[in-house]
Amino acid sequence: MLCEPFGSTASSLMPSLEHVSAYFGNFFEWYDMSLFGSFATQIGSAFFPNASPGAQALRSFGIFWLAFATRPLGAVVFGHVGDRYGRLPVLLITIGLMWFATLGIAMLPGYESIGMAAPILLTLLRMLQGFSLGGEGGGGMTYALECTAPANRGRVGAQWQVAGSLGNVFANLFAGVLRASLSPEALASWGWRLPFYLGAMVLVCGGAIRRRLREPPIAAGATPPPANPACHAIQTNGPRMIWLLLVTVLWMVYGFWATVYVPSYLTSRTPEPIDSGYTIAAVMQTINMGGQLLFAELADRRARATGGDEAFRHNLLAAGALACIVAFPLTSLALEHAGAPLATCACLAVAVIHS
């Protein structure tokens, strides 16, 4: 049985407590993950003071990317736990781990205080963040969708994804406010730690909310979980998992292409740099989030009109993936060779295509 009492009917547009909790987790998981990149320069200065500025940034970004190495491991481990022992333990453990890692980064003394232990502990805490995000990503989405009627799952899934994107945006905005408000010395000394403290405080509230949740009802007559859910999933849904993995990789490539590569390239390209590159990237992300909500609503309406037929969702996803494969290289050519107006239009168009 689905979680019908959780406000999942077609006429209910207000998210339920279960949905809000899942959105909250994805928002702050990505907020905490993105903060590290936003303050990579200051973190590098605090934990690698003896290196050159370029080496500091390089090492800091190296630790930043290590979180993405542990993310798949977290997804596998917590996926197993969720299938064997329930969804709520995963939601509580992942938010607890992210709280511990985020608070740890905020409080961790720099190299000048504890020597080499500082960058080692920073690396471990960052990897713990990635491990936590891997579990939150699958666990939060699964919980939200299992608390939703099938004809509304597109909307709920899109809202969950948009919540994560908003976490990234909020982290960047917070970083911008601090850079504008504090001196470079204050930002490097203690200012960069403030957003981590805030994230840890709010995660405590999120954990309290999640303690009030309940497990999604189990379908009547459902078989007990297999001894090894990961192997069972591969055996029964291997081709579909590979297809969705490729689509997800494409999705992530776009995310970092739009938010990291595009603004950096536009503001430094020769012979015609575009000073508004970061503004263009923000507009791209806004268009992409709005498009996700619109296309998800379109898919849901089609599913309700056809009595739950999923063919339209599959075709929409396949068409979007194919269009992205074609659009990315064309947009890259426009970024390199076209004038500012055409390059900007190409970026905005690919945002719509990707959504």
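The values are calculated or read from the model by the stated rules, or taken from the named source; none is laboratory data. As the structure is a prediction and not an experimental result, all values here were calculated from the model. Every residue, glycine as well, gets a Cβ built from its backbone with ideal geometry; the counts of neighbours run over all protein chains shown. Only protein heavy atoms, including side chains, enter the accessible area calculation; ligands, DNA and RNA are left aside. Shrake-Rupley method; radii C 1.70, N 1.55, O 1.52, S 1.80 Å.
Listing for the model above:
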item: Residue satisfying condition, being of a type in the set (S, T, N, Q) and over 24 Å from residue 168 (Cβ atoms), within set 259, 236; result: 236
item: Number of the condition not met by residue 172 [criteria: (1) crowded, with 17+ Cβ neighbours inside 10 Å; (2) over 26 Å from residue 100 (Cβ atoms)]; result: (2)
item: Boolean, residue 118 is more than 30 Å from residue 295 (Cβ to Cβ), within 18 Å of the chain's Cα centre (by Cα), assigned to a helix (DSSP H, G or I) and in contact (Cβ under 8 Å) with a residue 24 or more places away in the chain; result: no
item: Tally of residues being free of Cβ contacts under 8 Å to residues at least 60 places away in the same chain and of a type outside the set (D, E, K, R) across region 136-188; result: 11
item: Filter result for the condition that a residue is open to solvent by less than 60 Å² (accessible area, probe 1.4 Å) and at pLDDT 90 or above, over 123, 142; result: 123
item: Top-ranked residue in region 20-60 [being modelled with pLDDT under 85, of a type in the set (Phe, Trp, Tyr) and open to solvent by 10 Å² or more (accessible area, probe 1.4 Å); ranked as nearest to residue 202 (Cα to Cα)]; result: 28
item: Test: residue in region 46-59 that is in contact (Cβ under 8 Å) with a residue 40 or more places away in the chain, in a helix (DSSP H, G or I) and in contact with a Ser or Thr (Cβ under 6 Å, 6 or more places away or on another chain); result: no
item: Residue within region 335-349 that is part of a helix (DSSP H, G or I), crowded, with 19+ Cβ neighbours inside 10 Å and of a type in the set (A, V, I, L, M) present; result: yes
